[in-house]
Amino acid sequence: MELTLFVQRQNDPPVCRTVRFSSLQDLRHVLNMAPTQLLMTVHPKHNQDFLVESETQLYDGALVKIAERRRRIFITYGGVRNRPLIWYPETSVSRIEQAILELFNLPSQSNVELRDKDGTMIVLSESLPDDIQLVLSIGDRAPAARPEPMARSSLSSVSSSSLSAPVPSTAAPPSPIVTSPTRRTSDVDAQPPLRRSPSQGSLVRSESFSSPRSDRGRHSLFSSKTTVAAVVADFPNLLRSSSPSRSGSFVDHSGDLEASLKVAAAADPKCVQTLGGHGGFVLALATAGDVLFSGSQDNRIMIWDLNNLQYIGTLTGHKGFVRCLAASLEKRLLFSGSQDKTIKVWSLEHFECVRTLSGHTDEVYALQLTDRYLISSSEDKTIRIWDLSTLECLHTLSNHRAGVFAVHALSPEVSPSPLLISGSRDKSIKLWDLRSMQVKRTLHPPHYDCVTAFAVANGKLFSASRDKSIKEWDMHTFHSTRHALNAHSDWICALDVGYTADRKPVLFSASRDCTVRVWDVETLTHIDTLSGHTASVNAMLNIDQMLFTASNDRTIKVWRWRSD
């Protein structure tokens, strides 16, 4: 197709160009457009700008405009409701937070906290929907330190296009922040953000990583003669670059990652290390061999070496929050469930996405692995059973009346028949027979709010809920035997089991009250409290004598807990 178009860039007069192209993607390339830029055209009848979505919208003599995509949210504070804040994708998080304070004439050192209509704290990230309405509250303490390497990308496309070299143009760069409560927003602003699909399996790594592996006696994911760093170094085409790639396959933070990824340990002597680097809430943890994986609201999965707590790299590809993770050492696969309704399957040999599993119609909340199945649960009220060999969906279980937040498959050592436990926003706990794929029973009495987590120890099942309580259930009769009311002062988000120095099991519970509590498994009595996080603790993982906790404060804390 050949057309004569009048092409107008920002702050420039239209330029007449004759262009040949076969598709819109080809036209964008001919016009030398950045992935984050929008191609608009003026409607001949309505005299309004519209996003070009088809070649049929173009004709000889058409005026097309290359516009910078802007993001917009509405903020309520005090008596002022729904004041708009507009910014460009390359704007840093700290600059946006400063603009929020300026918008309401607040002190520049105030701590910005944004919450949605349900009262859930929201972090500024690229996956935040446009035109969302948020409520601003100002904290009393100083803002927590935030790693700068992630700040720039946390509001830009996952493809890191905003970090690449700018498109040659004589136009003046746009102001990063636009705050205009009385301004009528143009159609360009009203359009949803245009995101280019990121390359699956891209690996973000720090060139500064070089540390010898120490053998801690665990079965390693890699051969005994190969360090994690050496495995990562086997991918020079993906990893070695002095500047971010225009293709969006990876982002290089080698200049400043070393300073930002490790944060000083908290005052609590049990906290031995704090790992930082995510640009959003840290929502999930998983391990395979001597590698730790963390999933976040920034849509990324970060990889850590458990031998020395060094950062290895980052997997990108999801278009929404990474809410859950599960890893199989035997299969050498990592599974990640996301707000984007998909489950991605990552090869731990090549650090790339090898499959994307679709089927859920809403965000994926939980993943569980057995020797035969991958089990996933979702806000769509269903549980899906996937064949671990073929990665095909075998069954869809539907019996809950609301989103399913937690699933736990009972091992053969605990139950002679294959059983699955599920907990839902409908407050119920259901027991499933994995042979018939039918509900076997619903446990009573139920929790008073959403069921969020399960753990098994000493022949007992423990369930946690947003009702702030922990229930203990007998594994033979599935009758409730104990109930710890007000176990925390806020929602309980996660449970895990650990062991004391003399190998007695203990139960860990993580909460939105920023703490982790330790419980005696036999009596369900409180033993200890781990304090150090400054926001909700969302996930936990106990490895040997180390406890890893993931939080909304964007960090992972490493605890060495021992009973007195």
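The values are calculated or read from the model by the stated rules, or taken from the named source; none is laboratory data. Please read all numbers here as calculations on a predicted model, not as lab measurements. We place every Cβ from the backbone using ideal geometry, glycine too, and count neighbours over all the protein chains shown. Ligands, DNA and RNA are excluded from the accessible area calculation, which covers all protein heavy atoms including side chains. Shrake-Rupley method; radii C 1.70, N 1.55, O 1.52, S 1.80 Å.
Listed values, structure above:
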| read-out | value |
| --- | --- |
| Answer residue from the stretch 448-477, given it is among the acidic types (Asp, Glu) and part of a loop (DSSP other than H, G, I, E, B) and is surrounded by the most Cβ atoms within 10 Å (Cβ to Cβ) among those | ASP467 |
| Any chance ALA265 is in contact with a Cys (Cβ under 6 Å, 6 or more places away or on another chain), surrounded by fewer than 22 Cβ atoms within 10 Å (Cβ to Cβ) and either modelled with pLDDT under 50 or within 30 Å of ALA453 (Cα to Cα) (or both) | yes |
| Members of the stretch 328-339 that are open to solvent by 20 Å² or more (accessible area, probe 1.4 Å), over 16 Å from VAL404 (Cα atoms) and touching a residue at least 12 places away in the same chain (Cβ under 8 Å) | LEU329, LYS331, ARG332, LEU333 |
| Filter result for the condition that a residue is closer than 21 Å to GLN297 by Cα and either out of contact with any Ser or Thr (no Cβ under 7 Å at 6 or more places or on another chain) or not in a loop (DSSP other than H, G, I, E, B) (or both), over ARG95, ARG83 | ARG95 |
| Condition check for ILE527: surrounded by 15 or more Cβ atoms within 10 Å (Cβ to Cβ), touching a Leu at 6+ places or on another chain (Cβ under 6 Å) and in a strand (DSSP E or B) | no |
| Filter result for the condition that a residue is outside any loop (DSSP other than H, G, I, E, B) and open to solvent by less than 20 Å² (accessible area, probe 1.4 Å), over THR4, THR56, THR41, THR18 | THR41 |
| Qualifying positions in the stretch 282-297 - open to solvent by less than 10 Å² (accessible area, probe 1.4 Å) and of a type outside the set (A, V, I, L, M) | ASP290, PHE293, SER294, GLY295, SER296, GLN297 |
| Residue in the stretch 340-368 that is surrounded by the most Cβ atoms within 10 Å (Cβ to Cβ), counting only those that are of a type in the set (A, V, I, L, M) and within 20 Å of ILE303 (Cα to Cα) | ILE343 |
| The stretch 434-450: number of residues that are without any contact (Cβ under 8 Å) to a residue 60 or more places away in the chain and within 14 Å of THR370 (Cα to Cα) | 1 |
| ILE492 farther than 17 Å from PHE454 by Cα, surrounded by 23 or more Cβ atoms within 10 Å (Cβ to Cβ) and either modelled with pLDDT of 95 or more or out of contact with any strand residue (DSSP E or B) (no Cβ under 9 Å at 6 or more places or on another chain) (or both) | no |
| Top-ranked residue of the stretch 106-124 - restricted to ones that are under 24 Å from the mean Cα position of the chain (by Cα), assigned to a loop (DSSP other than H, G, I, E, B) and surrounded by fewer than 19 Cβ atoms within 10 Å (Cβ to Cβ), ranked as modelled with the highest pLDDT | ASP116 |
| Residue that is nearest to ALA464 (Cα to Cα) [pool: residues in the stretch 412-447 that are touching a His at 6+ places or on another chain (Cβ under 6 Å) and open to solvent by 10 Å² or more (accessible area, probe 1.4 Å)] | LYS427 |
| Residue that is open to solvent by 20 Å² or more (accessible area, probe 1.4 Å) and either in contact with a Ser or Thr (Cβ under 6 Å, 6 or more places away or on another chain) or assigned to a loop (DSSP other than H, G, I, E, B) (or both), where the choices are ALA501, ALA409 | ALA501 |
| Residue tally, condition outside any strand (DSSP E or B) and under 22 Å from GLU2 (Cα atoms), over the stretch 59-74 | 4 |
| Checking VAL123 against (1) closer than 23 Å to PHE281 by Cα; (2) of a type in the set (Val, Ile, Thr); (3) without any contact (Cβ under 8 Å) to a residue 40 or more places away in the chain; (4) out of contact with any strand residue (DSSP E or B) (no Cβ under 6 Å at 6 or more places or on another chain), the condition it does not meet | (3) |
| Pair list, Cβ under 8 Å, 6 or more apart: the stretch 1-29 residue touching a residue at least 60 places away in the same chain (Cβ under 8 Å), other residue open to solvent by 40 Å² or more (accessible area, probe 1.4 Å) and aromatic (Phe, Trp, Tyr) | none |
| Complete set of residues in the stretch 44-53 that are under 29 Å from GLN133 (Cβ atoms) and open to solvent by 30 Å² or more (accessible area, probe 1.4 Å) | HIS46, GLN48, ASP49, PHE50, GLU53 |
| Residues satisfying the stated conditions in the stretch 87-105, i.e. touching a strand residue (DSSP E or B) at 6+ places or on another chain (Cβ under 7 Å) and open to solvent by 40 Å² or more (accessible area, probe 1.4 Å) | ARG95 |
| Matching residues in the stretch 367-406 - criterion: being part of a strand (DSSP E or B) and either among the charged types (D, E, K, R) or within 16 Å of HIS318 (Cβ to Cβ) (or both) | LEU367, SER376, SER378, ARG384, ASP387 |
